[in-house]
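Notes to accompany the following structure.
The values are calculated or read from the model by the stated rules, or taken from the named source; none is laboratory data. Here the structure is a predicted model, which means the values were calculated and not measured. Counting neighbours? That spans all protein chains shown, and the Cβs are built from the backbone with ideal geometry, glycine included.
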Amino acid sequence: MRRRFALIACVALALAGCASLPTSSAPTPFDASARDGSGIQFSAEGPSDGSDASTLVSDFLLACAAGPQDDYATARLFLTTASARSWQPENEILVYDTDTAPLVSASLDNSAQAEVSVSVLGVASIDDLGVLTRSNGSIVSRTFTLVREDGQWRIDAPDNIILISRAALTASYTQANLYFPSVDGSDLVSDPRWYPSRRLASHLLAGLVAGPSPALDPVVANAIPAGATLPSHGVEVSDGVARVELNAAMPPDEAAQVSLSWQLTRTLTQAPDVSQVSITLSGDTLDVPAVPPPPSYSLDTMVG
């Protein structure tokens, strides 16, 4: 009953599929006014025995909406064994209009294979770097192929794309800025991204290590040493302190060290559970004077 209510209410849906994304415009302000500050977290159940093909896909969509809460563990239960191992759900995210209910329909359904189509009104996409691009509001369709596995329908070989409503995006993801030093080192320039709210500090650090978006690359530097890598556990946060451990050499001069501390502190303290940042590089603690105050220059994709 809980699953049915969530589906009828269309609180949040997500999917992976095979069709191409709609044509998108350049990055522009994205209206995230659906955020209500309630801190709602989605949860989902695994597949029910005996589900028909359309029901299984509908339930999979709900599991994807809850994916950021459990690293898509529940959503993978709806896939074939091989697909569950290879699926990378957040390579691209397609955001659809919350006010338009997805249309789910079976176009082929026999004893061995089924095809289920889902159509939505796409409004934005987010790439694997967390960069959001608005789309033109066209209808987007996804087709799922299902096969029998141990007598139950399972989704086979979905694309590495998920689809979620705008409301689900703002409930489970956070718009935050990566900060990179300007070329002359006098300021920090923001690079807007969307990341899962869970373990936000780890996502932010990974984004900094990956570097700025192509549009900003010519006008910014990166204080993180080239070739730096992260531990598998990401950033550990305890009592408000984010512990950054980079596998990299210590910057050779104080100016570079201050720039690194400034960049990391300004970026990671956007996470609600982080108020301070401690930094080590290959086991050596970075100890610098107080970092400069936050910059006034900002590029922001949020619209009130």
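For the range 243-258, which residues satisfy the criterion of being acidic (Asp, Glu), in contact (Cβ under 8 Å) with a residue 12 or more places away in the chain and surrounded by fewer than 17 Cβ atoms within 10 Å (Cβ to Cβ)?
The answer is Glu254, and nothing else.
Residues in the range 112-126: is at least one β-branched (Val, Ile, Thr) and under 17 Å from Thr80 (Cβ atoms)?
There is at least one residue in the range 112-126 that is β-branched (Val, Ile, Thr) and under 17 Å from Thr80 (Cβ atoms).
Going by the conditions given, is Val120 within 21 Å of Leu56 (Cβ to Cβ), in contact with a Ser or Thr (Cβ under 9 Å, 6 or more places away or on another chain) and aliphatic (A, V, I, L, M)?
yes
Would it be correct to say that Ala210 is farther than 30 Å from Leu121 by Cα and not basic (Lys, Arg)?
Yes, satisfied.
As an exercise: evaluate Ala215 against (1) modelled with pLDDT under 95; (2) of a type in the set (A, V, I, L, M); (3) not in a loop (DSSP other than H, G, I, E, B) and give the number of the one condition it does not meet.
Failed condition: (3).
Only residues in the range 225-236 that are farther than 17 Å from Leu286 by Cα count as the first member; pair them with residues that are of a type outside the set (S, T, N, Q) and assigned to a loop (DSSP other than H, G, I, E, B), Cβ under 7 angstrom, at least 6 apart or cross-chain, and list the lot.
That search, which allows pairs on different chains as well, returns Gly227/Ala248; Gly234/Arg199.
So that you can scan it fast, the table gives a plain yes or no per residue for (1) touching a Phe, Trp or Tyr at 6+ places or on another chain (Cβ under 7 Å); (2) buried (at least 19 other Cβ atoms within 10 Å of the Cβ); (3) assigned by TED's automatic domain parsing to the domain that holds Pro181:
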| position | (1), (2), (3) |
| --- | --- |
| Val220 | yes, yes, yes |
| Ala226 | no, no, yes |
| Leu230 | no, no, yes |
| Val241 | no, no, yes |
| Leu260 | no, yes, yes |
| Gln276 | no, no, yes |
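Table: residues versus (1) in a helix (DSSP H, G or I); (2) of a type in the set (D, E, K, R); (3) surrounded by 20 or more Cβ atoms within 10 Å (Cβ to Cβ).
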{"position": "Ile155", "(1), (2), (3)": "no, no, yes"}
{"position": "Pro158", "(1), (2), (3)": "no, no, yes"}
{"position": "Ile164", "(1), (2), (3)": "no, no, yes"}
{"position": "Ala168", "(1), (2), (3)": "yes, no, yes"}
{"position": "Ala171", "(1), (2), (3)": "yes, no, yes"}
{"position": "Tyr179", "(1), (2), (3)": "no, no, yes"}
{"position": "Ser186", "(1), (2), (3)": "no, no, no"}
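Taking into account only those residues within the range 232-272 that are of a type in the set (Asp, Glu) and touching a Pro at 6+ places or on another chain (Cβ under 9 Å), which is modelled with the highest pLDDT?
Across the range 232-272, the extreme among qualifying residues is Glu245.
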